[in-house]
């Protein structure tokens, strides 16, 4: 069993399944209504992956990073993660595009503990499946990357994008 | 209420000898012409209707720490996936229960403090000691008036609201027992209730100490006092007080002054007891907030550590032993396994401590004062401070990285060690400035490197320069100040009141707090502060070498920064909001909680910011403000409180109010949008603060001003006009004049239509004329 990045962050018997980038790409590929929620810890390297992934799914970014995405060429929503997570637990919510709630959300670029808590909200109070593609294992997600070295993680994101979007 | 009593100073006869007898029958309260409201000393359920009104709009969002319940022997019960526990509880109710438990703990901490304070002060100064909050403070205890429905005139009058609070706390806590409350909204209602009681308890404690101990009585020009490691004179014997109850520390100062030794011994404090030491005497020093505790204790500078109650490291004894610092425990909350020396002679206690006893429990403040001073003088200069070879220690590091995983802020300690091993201490020094001082990194270090000590050693030069000025806690906001700002706040022309409160568990540098405060000071919001946050606001200087307290006046006014004092002084921030309703709007306070909270929610643009909230006390403080209609924004770590109160701006039905003019129903702008919100970043917090100062009652001029700030801050930090701008514009007159053309285009695109500006209330009974409520 993978030990959470914060070793004490063991929520209980139900913990995330560890997935590789290719498994994550399959999960994302199968989802019909997917969204990626990005936090404030986004640098240039990650940003390019978000831009690519926006071709496949809706993207919500932390308002503080909105400036960085100006001219990125895709429509995005800027909203705090707490607010977005709150919307996701409402089955009747129409989504940001008016087409209904989502069946898969991926989290990326958050302080570890904040992401953990938001995933816990959805684990217990929503039907949406969750996938964490940050650098560290998040037990409250349905699926999560393992704890990775920085270079492993960067390559993992590259692989995920290329498998899902076809960029090389 | 009336009573009778008599006092006999001294009586001697053949049969009896009496000295200092005081008998009181009944209660003495001044006749008070204000009509009693509907809920004096409300029970757990008396304000349930108000709570449910709030909870209907601001629904709790739970983020469980744990899928399990481990509170009884039925368990552990797994509550994940919709499963119920053996008692029948589900995960939602369990979270409500945990929240209630946290709020009870917080309220109990303030309640224990208040009880100790009131009992001690009555014993020392007498129950007839007048409640005196200063010449410009006629509404001396707004929370006591509002919640308990009484107007206290003397210390003894504080006992009744105190007993009421203790009873409510007991009932609230009892609801967390297995097989009691079972539904999340009722757990939340009880959490709101006990947190309201918490505010009452804080006021009781601070009113008592202000009245009896001669603290500042609402003085905006309370003295600027020293704060920071560098302000401590290490040549003198040093007594360090940690905690929240100033009584033993005050006794130290009394002893020193009585023996003409105050210039010979340094008295310093950490956490709120430090605030209160400077309120007692401006010569005391503040080391800093809670985050400085382990760091300072590790330096071994203190000769004696006095601990009272709350926020004291539970390993303080073993930490103090590392430098042979003596520890004196002074309160029944924190006995540390030490022998009770209360009845022993000071000489015997001092003798044992000098011989190396680790500490003593002394439950007599005056004796603590004497023992602490005498032992500090004896130990000073005799203790050997352990030398630390940073380079040698750093070389032990294996770069395993476990310390980073345990660190709150994932600070790159291994990198710092790598550099330090080569003689470069700069990174360790930088890490020191960001470190919250919890020491968890050391627990996981397989090489047992004393990381916190190394950081301190590496940052020696930085520490030496930590010397700042903070304005000593002023206590209450004067009635005259409220008369001056009441109208512009309610009309919206002062854009808001922002209160920086709470603990130092920040997501990054404490400098973020200073930056946030200064933004709102420069924009002429009223900024106020308390507790550890008030200390951290002092711990940065500008290019001219000035702290915020030296740059901005201490009034409760636009563009001013007032430090009300310690944790219990938070009551004065709530009190200011209540006084606006009372003094400016002439609403009755007496036992009239619901109406006043409704007034504040709809009219008073106040926001609390607890950027580093950590404790259960912070949970109850925030929840108490929430019941009073004041939203609180917490930092990202606040997500670990497991519950937020969030409104849904997209649900128009949630934002319906009564128009008190005719009883009709109308929709208002969704603000405050949240009662308790977690902001991920400083930038998100800043914009949220500005947005959540908007109130339904704003005049068009006031709304213009508030929107101008919201739009400007949104553009500055997010690079765009807010997407949700249209929902805050009721009529064209709300639009900031300089932005009119730009905003009108946006409104046209959104097919915006003007809305009614009501006299807003959530309470139907306050409507003057009932109309159609379809």
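Could you tell me which residue of the stretch A:1-25 is nearest to the other protein chains (Cβ to nearest Cβ), considering only residues that are out of contact with any strand residue (DSSP E or B) (no Cβ under 7 Å at 6 or more places or on another chain) and free of Cβ contacts under 8 Å to residues at least 12 places away in the same chain?
Of the residues in the stretch A:1-25, the ones out of contact with any strand residue (DSSP E or B) (no Cβ under 7 Å at 6 or more places or on another chain) are A:1, A:3-11, A:14-15, A:20-23, A:25.
Now drop any that are not free of Cβ contacts under 8 Å to residues at least 12 places away in the same chain, which leaves A:7-8.
Working: A:7: 7, A:8: 8 Å.
Only one residue tops the list, namely A:7.
For residue B:688, the test of being modelled with pLDDT under 95 and either part of a helix (DSSP H, G or I) or farther than 20 Å from residue B:529 by Cβ (or both) is failed. In the condition set (1) touching a strand residue (DSSP E or B) at 6+ places or on another chain (Cβ under 6 Å); (2) more than 9 Å from chain B (Cβ to nearest Cβ); (3) in contact (Cβ under 8 Å) with a residue 24 or more places away in the chain, residue A:76 is compliant with all but (3).
Matching residues to (1) under 23 Å from residue B:622 (Cβ atoms); (2) surrounded by fewer than 24 Cβ atoms within 10 Å (Cβ to Cβ):
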position: B:425; (1), (2): no, yes
position: B:430; (1), (2): no, yes
position: B:435; (1), (2): no, no
position: B:443; (1), (2): no, yes
position: B:447; (1), (2): no, yes
position: B:456; (1), (2): no, no
position: B:477; (1), (2): yes, no
position: B:483; (1), (2): no, yes
position: B:504; (1), (2): yes, no
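Filtered by the rule that a residue be more than 9 Å from chain A (Cβ to nearest Cβ), in a strand (DSSP E or B) and within 21 Å of the chain's Cα centre (by Cα), the stretch B:627-681 gives B:632, B:633, B:634, B:643, B:645, B:675, B:676.
Condition check ((1) assigned to a loop (DSSP other than H, G, I, E, B); (2) under 35 Å from the mean Cα position of the chain (by Cα)) across all residues:
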site	(1), (2)
B:352	no, no
B:371	no, yes
B:386	yes, no
B:396	yes, no
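Given the residues B:495, B:476, which is the only one that is within 30 Å of residue B:717 (Cβ to Cβ), out of contact with any strand residue (DSSP E or B) (no Cβ under 6 Å at 6 or more places or on another chain) and either in contact (Cβ under 8 Å) with a residue 12 or more places away in the chain or not in a loop (DSSP other than H, G, I, E, B) (or both)? Only one candidate qualifies: B:495.
Would you confirm, using the coordinates I've provided, whether residue B:366 is touching a helix residue (DSSP H, G or I) at 6+ places or on another chain (Cβ under 9 Å), in a helix (DSSP H, G or I) and more than 27 Å from residue B:228 (Cα to Cα)?
yes
In the stretch B:691-705, is there at least one residue being part of a helix (DSSP H, G or I), closer than 26 Å to residue B:623 by Cβ and either without any contact (Cβ under 8 Å) to a residue 12 or more places away in the chain or in contact with a helix residue (DSSP H, G or I) (Cβ under 7 Å, 6 or more places away or on another chain) (or both)? Yes, the stretch B:691-705 contains a residue that is part of a helix (DSSP H, G or I), closer than 26 Å to residue B:623 by Cβ and either without any contact (Cβ under 8 Å) to a residue 12 or more places away in the chain or in contact with a helix residue (DSSP H, G or I) (Cβ under 7 Å, 6 or more places away or on another chain) (or both). Residue count for the stretch B:46-91, restricted to those that are part of a strand (DSSP E or B) and either more than 9 Å from chain A (Cβ to nearest Cβ) or out of contact with any strand residue (DSSP E or B) (no Cβ under 8 Å at 6 or more places or on another chain) (or both): 3.
A count restricted to the stretch B:427-451 and to residues that are at negative phi and either touching a residue at least 40 places away in the same chain (Cβ under 8 Å) or in contact with a strand residue (DSSP E or B) (Cβ under 9 Å, 6 or more places away or on another chain) (or both) stands at 13.
Assigned by TED's automatic domain parsing to the domain that holds residue B:297, buried (at least 19 other Cβ atoms within 10 Å of the Cβ) and either out of contact with any helix residue (DSSP H, G or I) (no Cβ under 9 Å at 6 or more places or on another chain) or over 28 Å from residue B:109 (Cβ atoms) (or both): does that describe residue B:341? Criteria not met by residue B:341.
Checking residue B:348 against (1) out of contact with any strand residue (DSSP E or B) (no Cβ under 7 Å at 6 or more places or on another chain); (2) touching a residue at least 40 places away in the same chain (Cβ under 8 Å); (3) not in a loop (DSSP other than H, G, I, E, B), which single condition isn't satisfied? For residue B:348, the exception is condition (2). Once the stretch A:124-137 is narrowed to residues that are more than 7 Å from chain B (Cβ to nearest Cβ) and closer than 26 Å to residue B:89 by Cα, the residue that is nearest to the chain's Cα centre (by Cα) is A:130.
Examine the stretch B:722-732 for a residue that is within 11 Å of chain A (Cβ to nearest Cβ), in a loop (DSSP other than H, G, I, E, B), surrounded by fewer than 23 Cβ atoms within 10 Å (Cβ to Cβ) and free of Cβ contacts under 8 Å to residues at least 60 places away in the same chain, and state whether such a residue exists. Talk me through it step by step, then tell me what you get.
Of all residues in the stretch B:722-732, those within 11 Å of chain A (Cβ to nearest Cβ) come to B:722-724.
Applying the additional criterion that residues be in a loop (DSSP other than H, G, I, E, B) yields B:722-724.
Still in the running and surrounded by fewer than 23 Cβ atoms within 10 Å (Cβ to Cβ): B:722-724.
Keeping just the survivors that are free of Cβ contacts under 8 Å to residues at least 60 places away in the same chain gives B:722-723.
Yes.
Against the list (1) farther than 25 Å from residue B:117 by Cα; (2) not assigned by TED's automatic domain parsing to the domain that holds residue B:274, the condition residue B:233 fails is (2). Among residues that are within 14 Å of chain B (Cβ to nearest Cβ) and under 21 Å from residue A:18 (Cβ atoms), residue A:143 is not included. Taking residue B:112 as the residue in question, decide whether it is within 30 Å of residue B:654 (Cβ to Cβ) and either in contact (Cβ under 8 Å) with a residue 12 or more places away in the chain or assigned by TED's automatic domain parsing to the domain that holds residue B:203 (or both). The answer is no for residue B:112. Taken as a whole, the stretch B:209-227 holds at least one residue that is at pLDDT 95 or above and farther than 20 Å from residue B:470 by Cβ. Scoring residue B:336 on the criteria (1) under 33 Å from the mean Cα position of the chain (by Cα); (2) surrounded by 17 or more Cβ atoms within 10 Å (Cβ to Cβ); (3) not in a loop (DSSP other than H, G, I, E, B) leaves a single failure, condition (3). Checking each residue in the stretch B:317-333 for being touching a helix residue (DSSP H, G or I) at 6+ places or on another chain (Cβ under 7 Å) and assigned to a helix (DSSP H, G or I) picks out B:319, B:320. For the stretch B:733-756, taking the residues that are touching a residue at least 12 places away in the same chain (Cβ under 8 Å) and in a loop (DSSP other than H, G, I, E, B), the one that is farthest from the other protein chains (Cβ to nearest Cβ) is identified as B:756. I want to confirm something. Restricting to the stretch A:40-53 and keeping residues that are in contact with a helix residue (DSSP H, G or I) (Cβ under 6 Å, 6 or more places away or on another chain) and not in a helix (DSSP H, G or I), which single residue is nearest to the other protein chains (Cβ to nearest Cβ)? Only one residue fits best here, namely A:40.
The values are calculated or read from the model by the stated rules, or taken from the named source; none is laboratory data. Keep in mind that this is a model prediction, so the values were computed, not measured. Here the Cβ is made from the backbone with ideal geometry for all residues, glycine too, and neighbour counts use every protein chain on show.
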